[in-house]
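One structure below.
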Amino acid sequence: MPLLRVALTGGIATGKSYSLKCFEAEGIPGIDADRLAREAVAPGTAGLAAVVRRFGASVLSADGTLQRPALAAIVFSDRSARADLEAIIHPEVYRRIRDWFVNLPHTVTVAIADIPLLFETGHEHDFDRVVVVACTPDEQVRRLVRRDGLSLEAAHARLAAQWPIEEKVARADYVIRTDGTLEETAAQVARVAESLER
């Protein structure tokens, strides 16, 4: 049976990571693009060297690691800076995702990649199905303020850097709403997983 390649996406703070864990608990292997993006700019990588060439040494910590809050402050206030960063990181992330799918055991029939900027990067056609994780924009802002300690202004800037969540919902094959309880989210994931495996 050919492998069904699934993309999991949504907006910032919509519950993608929790949903990915739920899919994995249902027996569907998963990979997280955010983790791959961090690996792509780890110390000693070509990615980190390219980031420093573009943004300067001020984005480095004393130990040579990327100072993510400093970089975020730059890219979330400057669209062209964000595009430059994405041009460095995204090709490497998608290469690693492709390699991961190719190297899965042949017994795997469904696998899922959590890719926050799937639509923004125009890669939705690389996948057989798209699952969008969504909640209201107000709830996204609340979570960003509570979870990441962002100001309201910074939280709104992060949301503005992505497509509106309802636009993603309109393009989804499946939608998981995370405005409710964790249990309700897990139940929706279980139903989607069952459908994908069919």
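The values are calculated or read from the model by the stated rules, or taken from the named source; none is laboratory data. Small disclaimer: the values here were computed from a predicted structure and weren't measured. Methodologically, a virtual Cβ is constructed for each residue, glycine included, from the backbone with ideal geometry; neighbour enumeration extends over all protein chains shown.
Counting only helices (runs of 4 or more DSSP H) that fall entirely inside the stretch 96-198 and contain at least 1 residues that are touching a Lys or Arg at 6+ places or on another chain (Cβ under 8 Å) and more than 19 Å from Ala37 (Cβ to Cβ), the qualifying elements are 182-197.
Results for (1) of a type in the set (A, V, I, L, M, F, W, C); (2) at pLDDT 90 or above, shown as yes or no for each residue.
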site: Pro105; (1), (2): no, yes
site: Leu118; (1), (2): yes, yes
site: Glu124; (1), (2): no, yes
site: Val133; (1), (2): yes, yes
site: Arg146; (1), (2): no, yes
site: Ala154; (1), (2): yes, no
site: Trp163; (1), (2): yes, yes
site: Arg171; (1), (2): no, yes
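When the stretch 56-95 is filtered for residues that are closer than 22 Å to Glu153 by Cβ and among the hydrophobic types (A, V, I, L, M, F, W, C), the ones remaining, listed by number, are Val59, Ala70, Leu71, Ala72, Ala73, Ile74, Val75, Phe76, Ala81, Ala83, Leu85.
Evaluate the following for Glu24: is it under 15 Å from the mean Cα position of the chain (by Cα), assigned to a helix (DSSP H, G or I) and either closer than 30 Å to Thr185 by Cα or at pLDDT below 95 (or both)? No. Number of residues in the stretch 59-95 that are in a helix (DSSP H, G or I), farther than 30 Å from Val189 by Cβ and not β-branched (Val, Ile, Thr): the value is 12. Scanning the stretch 27-38 for residues that are free of Cβ contacts under 8 Å to residues at least 12 places away in the same chain and either in contact with a helix residue (DSSP H, G or I) (Cβ under 8 Å, 6 or more places away or on another chain) or not in a helix (DSSP H, G or I) (or both) returns no hits. For the stretch 104-135, taking the residues that are surrounded by 15 or more Cβ atoms within 10 Å (Cβ to Cβ) and not hydrophobic (A, V, I, L, M, F, W, C), the one that is nearest to Tyr174 (Cα to Cα) is identified as Arg129.
Might you check whether a residue that is over 19 Å from Glu124 (Cβ atoms), touching a strand residue (DSSP E or B) at 6+ places or on another chain (Cβ under 8 Å), surrounded by 13 or more Cβ atoms within 10 Å (Cβ to Cβ) and in contact (Cβ under 8 Å) with a residue 12 or more places away in the chain occurs anywhere in the stretch 85-103? No: zero hits.
Restricting the first member to the stretch 44-61 and to residues that are surrounded by 14 or more Cβ atoms within 10 Å (Cβ to Cβ), and the second to residues that are β-branched (Val, Ile, Thr) and not in a helix (DSSP H, G or I), the beta-carbon pairs closer than 9 Å and six or more apart or on different chains are Gly47/Val41; Leu48/Val41; Leu48/Thr65; Ala50/Val41; Val51/Val41.
Cβ-Cβ distances below 6 Å connect the following pairs, each with a first residue in the stretch 64-79 that is assigned by TED's automatic domain parsing to the domain that holds Glu39 and surrounded by 13 or more Cβ atoms within 10 Å (Cβ to Cβ), a second residue that is polar (S, T, N, Q) and not in a helix (DSSP H, G or I), and a separation of six or more residues or different chains: Gln67/Ser61.
Residues that are more than 15 Å from Ala7 (Cα to Cα) and in contact (Cβ under 8 Å) with a residue 40 or more places away in the chain within the stretch 165-192 comprise Ile165, Glu167, Arg177, Thr178, Asp179, Leu182, Thr185, Ala186, Ala190, listed in sequence order.
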